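Below you'll find the structure, written out as structure tokens, and then a few comments.
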Amino acid sequence: MPNIVKLCMITDESYVIPTIVAITSAIKNKNADTNYEIFIITKNITDVSREKLLELVQDKVKIKLIDASALQLMNVKIHSHVPQTALLKFELANILKNENKILYLDGDIIVQKDLSELYNIDLGLNCAAVVGDLAGEEIRKLHIKCGVDKYFNSGVMLLNLDVIRKTNSVEKLVQAKINHPEWTCMDQDAFNFVFKNRVLWLEPKFNSTITAFYHHKFDIQTINKYYRTTYFSFTDLENDSIIIHFAGCSKTRPWQYLDVMYSMQWEHYYLQSPLKNIALNRKIYDNLLYPKIKPFLHAVFSITNHGCYKVLCILGMKIKFKKF
């Protein structure tokens, strides 16, 4: 019997590039006997993007594109703080009505290993299997704002679609978001509020938010205490991780900048994707480096104004010259 893993992603035109690269990384790192069936829910993408997504199809990899404009979404009043893309994530149980469970993935990831271990987890009567959000709890106190004991990241979720349907969770998710305009984490707060204790907590390797750990300066001891793990170092966690998730700092995405965490790893998969012949217009994220070297630069090199003169100082030696 074939080993089948069913995945779901959601993308609009602005997220097509990272979505294609994420899928490419999953395909490149799957086991030879694993079959991937990937549902991609699209919203306002171009014909070119659609063609690039379909180029991912290969032996043991099926791609099904689902156009969001053709979906019959719930008949609810959409407030300005509830975009349709959030509703799409809430409504996966209705959209994928013939599936019992699905592995939902955000597009800002790279997959380092086969996804069978994650997909084959027994969900029991839980709505989802998820990974706790250390930064969300420790820094932003999101669990307190949502009224839950423990808070998870919704970028990677193994969803029990049968239980979600039986518990009317689709309606509850939409209503929760409408009722709480103060929630800032788009869909994530609503998922935490509605699923509450009906989740199975997983190891961080299934949704490894290392970029957030670095951004918030968490050490490995803090990570081990929160997740009850025994990693010796960040490298140990990174090597063990099945999914690396670029969560925590939306301004430092590897498809936007050349010099941020995982930019080289991300580019490795980009160059193996259907996008490989399309040049990326990535920038240098100067703010990551400049604040660290600014004091040094000012110590060895500076230009100051003194009346009609400028004074150039290099390693303590001053050169005075007239302004032009």
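The values are calculated or read from the model by the stated rules, or taken from the named source; none is laboratory data. Just so it is clear, the structure is predicted and the values come from calculations on it, not from any experiment. For neighbour counting, all protein chains shown are included, and Cβ atoms are generated from backbone atoms with ideal geometry for every residue, glycine included.
Worth pointing out:
- Counted as qualifying within region 127-191 are the helices (runs of 4 or more DSSP H) with 3 or more residues that are over 19 Å from residue 94 (Cα atoms), namely 134-138, 142-146.
- Region 147-162, subset among the aliphatic types (A, V, I, L, M) and closer than 15 Å to residue 131 by Cα, residue nearest to the chain's Cα centre (by Cα): 156
- Cross-chain or 6+ apart pairs with Cβ under 8 Å, region 195-219 first and not assigned by TED's automatic domain parsing to the domain that holds residue 148, then surrounded by fewer than 21 Cβ atoms within 10 Å (Cβ to Cβ): none
- Test: residue in region 165-185 that is of a type in the set (A, V, I, L, M, F, W, C), without any contact (Cβ under 8 Å) to a residue 24 or more places away in the chain and surrounded by 15 or more Cβ atoms within 10 Å (Cβ to Cβ): yes
- Number of positions in region 92-139 that are acidic (Asp, Glu) and buried (at least 20 other Cβ atoms within 10 Å of the Cβ): 3
- Test for residue 158: is it at pLDDT below 90, out of contact with any Pro (no Cβ under 6 Å at 6 or more places or on another chain) and buried (at least 19 other Cβ atoms within 10 Å of the Cβ): no
- Candidates in region 1-29 are the residues that are closer than 16 Å to residue 244 by Cβ and not hydrophobic (A, V, I, L, M, F, W, C); of these, the one that is surrounded by the fewest Cβ atoms within 10 Å (Cβ to Cβ) is 28.
- Residue check, residue 242 within 11 Å of residue 134 (Cβ to Cβ), more than 13 Å from the chain's Cα centre (by Cα) and surrounded by 17 or more Cβ atoms within 10 Å (Cβ to Cβ): no
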